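Some notes on the structure that comes next.
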Amino acid sequence: MTTLAYPPTRTVAQMDDYHGVRVPDPYRWLEDVDSPETRAWIEAQNALTESVLAQVPARAALRRRLTELWDYARAQTPVKRGGRYFQFRNTGLQNQDVLYVFETVGDEGRVLLDPNTLSPDGTVAVTRWSVSGDGRWLAWAASSSGSDWLTWRVRDVATGRDLADLVEWSKFSPAAWAPDNSGFYYARYAAPAADRAYAGVNQDQKLYFHRLNTPQAEDRLVYERPDQREWGFNPEVSHDGRYLVLTVWQGTDVRNRLFYRDLQTGGPFVELIAELEAAYDFVGNDGAVFYLRTDLDAPRGRLIAVDTADPDRARWRTLIPESADVLEAVKIVAGQFVARYVRDAHHELQLFARDGAPAGEIALPGLGALHVLDENSGLTGERDDDELFYAFHSFAQPLAVYRYDFRRAASELIFAPSLRFDFSAYQTRQVFVASRDGTRVPMFLTHRRDLRLDGQNPTLLYGYGGFNISVLPAFAAGRLAWLELGGVLAVANLRGGGEYGEAWHQAGTRQRKQNVFDDFIACAEHLIAAGITSPPRLAIEGRSNGGLLVGACLTQRPDLFGAALAHVGVMDMLRFHQFTIGWAWVSDYGSADDPEEFRALYAYSPLHNLKPGAHYPATLVTTADHDDRVVPGHSFKFAAALQAAQAGPAPCLIRVQTRAGHGLGKPTALLIEELADIWAFLIHALDLEYAPAG
């Protein structure tokens with residue numbers, strides 16, 4: 001590879017003092033994404049990246065093949081409300097999925113909401129939605145250019161027309177309909193200053209009630225805690241309409257508080273769980289008895305019953321005890337508890353009677369996972385109905401939708417996609433890797449059945465490892481192009497995630513974060529030792545917290561990888577908490593404001609551990625100028641520092657998407673364009689040949 005001439009990046013004499021340690025921040029000015037100088041820098045960097053990718057002959061063919069692979073009809077899990085079914089579908093290349101409504105399973109139905117009509121380029125997405133209990137009203141929230149900011153509207157399901165209602169400046173909140181369907185509860189922030197909408201700190205969330213056919217200015221303030229600026233509120237109305245249940249979250253801490261208000265008698269909120277001691281998820285209730293999934297005294301989860309009329313903890317009852325597998329979620333359908341478990345990083349479904357007695361299982365189609373949406377737990381069904389819907393997929397199995405009939409105790413396939421791809425030629429298997437301290441780390445491998453163990457297979461290792469998030473088998477059409485390259489897809493389940501419960505999560509947080517990087521490095525070393533690949537053919541990839549993972553591992557072991565893909569990563573571990581919702585991540589990362597935690601953060605912060613004169617692997621950093629979750633300054637500063645430090649010939653590039661955010665709601669056209677560039681970069685970096693199938 002020829003050493004590139006990178007665009008010049010100005011440095012400044014910014015020096016910060018952290019507990020007596022002086023830390024330079026020469027690229028601080030790049031945090032201002034809207035300054036003319038930063039915009040010029042973005043333009044120059046994008047031009048350089050484009051000039052490199054334009055030299056990859058396979059790039060155009062990759063775009064064509066990805067377009068073919070993406071062009072298949074797909075559907076999500078239907079949701080039933082008031083006797084109607086609601087389901088998102090896509091004919092194939094539509095930029096955004098379209099919401100349909102229908103009366104009977106199997107009917108074609110009619111379009112209720114087509115987000116593709118909201119913007120000419122598909123960058124306005126519907127990212128949250130909620131149907132009233134009677135099925136008459138749809139509250140839907142639009143997000144523009146990938147931002148976390150939500151704008152709520154209300155649509156009449158019968159006519160398909162929107163009311164005049166407009167609710168703005170909501171973020172991180174569902175809509176919970178009142179029992180009489182007169183309006184909904186939601187949480188929002190104060191309107192930000194015009195120049196701080198994408199960077200200002202998000203605190204002081206408040207809970208409001210919006211009544212239909214009224215202006216937002218008349219929304220009723222339901223709850224606020226000015227003495228607790230970091231608290232956030234997720235409202236939910238119980239199935240019987242009696243209780244408004246409030247999950248009170250604080251940052252990304254998996255622990256939460258749980259309050260409720262009796263809507264029949266009124267009065268103040270009752271603080272059922274008043275302290276951050278454990279996770280509590282409201283599952284449902286029978287009168288005053290609340291069912292809660294919790295990890296209190298059960299790191300892998302259990303289901304308890306709490307009588308709110310007599311809430312003394314001595315009388316809490318365990319209905320589903322902790323087991324060897326993680327009880328991830330519970331839903332009441334057909335009068336039973338449907339429990340979603342994670343076993344060795346894949347899903348299983350178990351049934352329990354209301355007294356907690358085991359009642360069998362719902363067999364899933366293989367080693368894979370349910371498709372979990374924001375609106376539900378991956379399981380949809382009415383409490384008193386006799387049907388349950390779920391969608392299942394795996395790395396080499398596209399998302400299919402099933403209906404479980406409780407009367408027959410059997411599942412039926414109601415939607416199966418059809419792709420022009422030979423899935424029979426590929427297999428997924430699971431291996432377990434010993435990390436540096438001996439911890440057993442699972443890893444999925446997907447590849448051709450006739451894989452040769454000659455150490456020359458191009459391999460993409462993906463990881464996340466944070467925030468109690470489990471990385472389970474999931475289908476992505478774009479990855480099929482990598483498999484057609486002869487590539488191996490390796491997905492690691494690292495500490496910091498939720499695959500084995502809260503103890504597994506905590507083992508990858510704060511001063512223990514290095515465990516996550518050690519797990520990932522151990523997985524890379526296993527792929528090499530097993531003869532699957534070698535460092536020149538091994539690429540690593542991660543997004544968001546996974547971008548941090550990639551940044552940390554490429555600075556710690558640059559010799560181990562041939563390429564690195566760092567998407568929207570948290571790269572400056574000393575300043576992340578000073579932007580938008582970054583403060584919320586302190587529960588996982590710790591804070592540089594604390595002397596002990598500063599030392600741990602400084603030891604692995606990707607931005608601060610680049611060494612001038614080192615030979616780093618080919619690296620593609622990707623971000624977006626509207627990312628208001630992990631602000632793009634992280635990626636800008638890291639890319640500039642990496643280019644300045646690189647002494648080897650491997651390219652270190654950054655690709656900045658405009659009119660896009662953290663990734664949620666990104667239109668199909670942009671996804672295909674971005675992924676074609678990513679695969680083209682890996683072909684260039686790993687010296688691969690590409691002969692498109694199809």
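The values are calculated or read from the model by the stated rules, or taken from the named source; none is laboratory data. Predicted, not measured: the structure shown is a model, and the values here were computed from it. We place every Cβ from the backbone using ideal geometry, glycine too, and count neighbours over all the protein chains shown. Heads up: the accessible areas ignore ligands, DNA and RNA and are worked out on the full protein's heavy atoms, side chains in. Shrake-Rupley method; radii C 1.70, N 1.55, O 1.52, S 1.80 Å.
Brief remarks follow.
- Of all residues in segment 486-493, none are assigned to a loop (DSSP other than H, G, I, E, B) and hydrophobic (A, V, I, L, M, F, W, C).
- Qualifying residue in segment 165-173 (condition: open to solvent by 10 Å² or more (accessible area, probe 1.4 Å) and touching a residue at least 60 places away in the same chain (Cβ under 8 Å)): yes
- Answer residue from segment 405-432, given it is part of a strand (DSSP E or B) and in contact with an Asp or Glu (Cβ under 8 Å, 6 or more places away or on another chain) and is farthest from Gly463 (Cα to Cα) among those: Asp405
- In this structure, Val372 does satisfy being closer than 25 Å to Arg81 by Cβ, open to solvent by 40 Å² or more (accessible area, probe 1.4 Å) and β-branched (Val, Ile, Thr).
- Test: residue in segment 304-324 that is in contact with a strand residue (DSSP E or B) (Cβ under 9 Å, 6 or more places away or on another chain), in contact (Cβ under 8 Å) with a residue 40 or more places away in the chain and assigned to a strand (DSSP E or B): no
- Asp204 being touching a residue at least 60 places away in the same chain (Cβ under 8 Å), open to solvent by 10 Å² or more (accessible area, probe 1.4 Å), farther than 24 Å from Val79 by Cβ and touching a Pro at 6+ places or on another chain (Cβ under 9 Å): no
- The lone exception for Arg495 - which of (1) surrounded by fewer than 21 Cβ atoms within 10 Å (Cβ to Cβ); (2) on the phi < 0 side of the Ramachandran plot; (3) charged (D, E, K, R) it fails: (1)
- Sub-6 Å Cβ pairs linking a first residue in segment 122-140 that is of a type in the set (A, V, I, L, M) and at pLDDT 95 or above to a second residue that is part of a loop (DSSP other than H, G, I, E, B) and open to solvent by less than 20 Å² (accessible area, probe 1.4 Å), at least 6 apart or interchain, are Leu138/Val157; Ala139/Ala175, ordered by first then second residue.
- Every test in (1) of a type in the set (S, T, N, Q); (2) at pLDDT 95 or above; (3) surrounded by fewer than 20 Cβ atoms within 10 Å (Cβ to Cβ) is passed by Asn515 save one, and that test is (3).
- Close Cβ contacts (under 6 Å, 6 or more residues apart or on different chains) running from residues in segment 663-682 that are farther than 17 Å from Leu565 by Cβ to residues that are hydrophobic (A, V, I, L, M, F, W, C) and modelled with pLDDT of 90 or more comprise Thr668/Leu93.
- Within the set Ala44, Ala40, the sole residue that is open to solvent by 50 Å² or more (accessible area, probe 1.4 Å) and either part of a helix (DSSP H, G or I) or over 16 Å from Gln646 (Cα atoms) (or both) turns out to be Ala40.
- In segment 129-164, residue nearest to Gly232 (Cα to Cα) [restricted to those that are open to solvent by less than 20 Å² (accessible area, probe 1.4 Å) and not hydrophobic (A, V, I, L, M, F, W, C)]: Asp148
- Qualifying position, being over 21 Å from Ala539 (Cβ atoms), among the aliphatic types (A, V, I, L, M) and surrounded by fewer than 24 Cβ atoms within 10 Å (Cβ to Cβ), among Val631, Val586: Val586
- Residues being farther than 14 Å from Gln643 by Cα, outside any strand (DSSP E or B) and either open to solvent by 90 Å² or more (accessible area, probe 1.4 Å) or touching a residue at least 40 places away in the same chain (Cβ under 8 Å) (or both) - total across segment 3-24: 2
- In the condition set (1) open to solvent by 30 Å² or more (accessible area, probe 1.4 Å); (2) in contact (Cβ under 8 Å) with a residue 12 or more places away in the chain; (3) more than 27 Å from the chain's Cα centre (by Cα), Glu412 is compliant with all but (2).
- Among the residues of segment 582-611, those that are assigned to a loop (DSSP other than H, G, I, E, B) and without any contact (Cβ under 8 Å) to a residue 24 or more places away in the chain comprise Ser591, Asp593, Asp594.
A quick yes/no check of all residues on (1) open to solvent by 10 Å² or more (accessible area, probe 1.4 Å); (2) touching a Phe, Trp or Tyr at 6+ places or on another chain (Cβ under 9 Å):
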residue	(1), (2)
Glu382	yes, no
Asp385	yes, yes
Tyr390	no, yes
Leu451	yes, no
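- Out of Arg479, Arg436, one residue alone is open to solvent by 70 Å² or more (accessible area, probe 1.4 Å), at pLDDT 95 or above, closer than 27 Å to Ala529 by Cβ and not aliphatic (A, V, I, L, M). It is Arg436.
- Residues in segment 100-121 that are surrounded by 16 or more Cβ atoms within 10 Å (Cβ to Cβ) and among the polar types (S, T, N, Q) were compared, and the one that is modelled with the highest pLDDT is Asn116.
- Candidate set from segment 647-669 (those that are more than 13 Å from Leu620 (Cα to Cα) and at pLDDT 95 or above); member that is least open to solvent (accessible area, probe 1.4 Å): Gly648
- Pairs with Cβ under 7 Å, 6+ apart, first in segment 335-357 and among the acidic types (Asp, Glu), second open to solvent by less than 20 Å² (accessible area, probe 1.4 Å): Asp344/Pro442; Glu348/Tyr341; Asp355/Leu319
- Screening segment 595-610 for residues that are farther than 10 Å from Gln511 by Cβ and not hydroxyl-bearing (Ser, Thr, Tyr) and picking the one that is surrounded by the most Cβ atoms within 10 Å (Cβ to Cβ) gives Pro606.
- In segment 25-37, the qualifying residues are those that are assigned to a helix (DSSP H, G or I) and among the hydrophobic types (A, V, I, L, M, F, W, C), and the one that is surrounded by the fewest Cβ atoms within 10 Å (Cβ to Cβ) is Trp29.
- Within segment 116-159, if we keep just the residues that are among the polar types (S, T, N, Q) and in a loop (DSSP other than H, G, I, E, B), the residue that is farthest from the chain's Cα centre (by Cα) turns out to be Thr159.
- Screening segment 525-536 for residues that are out of contact with any strand residue (DSSP E or B) (no Cβ under 6 Å at 6 or more places or on another chain), part of a helix (DSSP H, G or I) and aliphatic (A, V, I, L, M) and picking the one that is least open to solvent (accessible area, probe 1.4 Å) gives Ile528.
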